[in-house]
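Working notes, beginning with the structure itself.
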Amino acid sequence: MTERELLPISFLNQYVYCARRFWYMYVEGEQGENEHTVQGVLNHERVHTIGQERSEPGVLLRRSVHVYSHTLGISGICDLVEERVGGGLTPVEYKQGKRGRWRNDHVQLCAQALCLEEMTGCRIEQGFLFYFSERRREEVSFTAELRAFTVELIQRIRDALVRGERPPHTEQPARCKGCSLYDVCLPVESGFLQRAGPV
Ligand code: SF4
């Protein structure tokens, strides 16, 4: 599998949030922006250009680490990988806003860990999500259940791409509220038209 054929890990996050949103962005190339996405880009640039956290003694901080798994067919960038002297890697992903109620960020982080495991041969038990607006880290354990869910999700995405159909709207309308593709998707209007049927 070539680099171009590897699924970008950040799109796993989009798919968990809403399969339709994933489709708009990955297949149709829509890049909707709102205040949340713009602030997210600015925060990520800060992460990659200045130190956000001090290193503890014996911990090497590696920023913007390219990771990949040819077994799973995914690749991406870890915002930060903490490497302890004597072994031990911990991926850290920085996120705009607060912790959400869904697991999209956890899946993204877990996929990064699965890549690092394949690249290094070392087991990784946990990582961290750092939410800018809360200024705190959330520890994420890479449980067997989260690993299995992440692997299954990658297969679901591949199956969806083979089917070649734009997925339906999310069944959780609360997710549409902050979606930068709302004006492209128009979930209320198109849902109304679908219910009305053909004219
Ligand atoms: S507006 Fe709602 S249904 Fe449409 S892409 Fe965004 S989250 Fe999905």
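Read the figures in this text as sums done on the coordinates, not as results from a lab. Predicted model only: the values in this text are computed from it and were never measured. Heads up, the Cβs are rebuilt from the backbone with ideal geometry, glycines too, and the neighbour counts pull from every protein chain shown.
Taking the fewest neighbouring Cβ atoms within 10 Å as the starting point, the ordered list for 102, 23 is 102, 23. Under 1.5 on a/c is rounded, so check that first for region 88-180, then, if it is not, pick prolate when a/b is larger than b/c and oblate when it is not; a ≥ b ≥ c are the square roots of the alpha carbon gyration tensor eigenvalues. Oblate, because a/c is 1.5 or more while a/b does not exceed b/c.
Could you tally the net charge around residue 95, taking each other residue with its Cβ under 10 Å from the Cβ of residue 95, Lys/Arg +1 and Asp/Glu -1? Mind showing how you got there, number by number?
Details: positive: 98, 99; negative: 79, 93, 105, 134, 138.
My count for the surroundings of residue 95 gives -3.
Put in order of Cβ neighbour count within 10 Å, fewest first, the listed residues 177, 95 become 177, 95. Take the Cβ atoms of residue 123 and residue 156, set R0 to 25 Å, and the FRET efficiency comes out at 0.50.
Other residues lying with their Cβ under 10 Å from the Cβ of residue 133 contribute a combined charge of +4, Lys and Arg counting +1, Asp and Glu -1.
First select every other residue whose beta carbon is under 14 angstrom from the beta carbon of residue 111; then total the charges, Lys and Arg +1, Asp and Glu -1.
Once positives and negatives cancel, what remains is -2.
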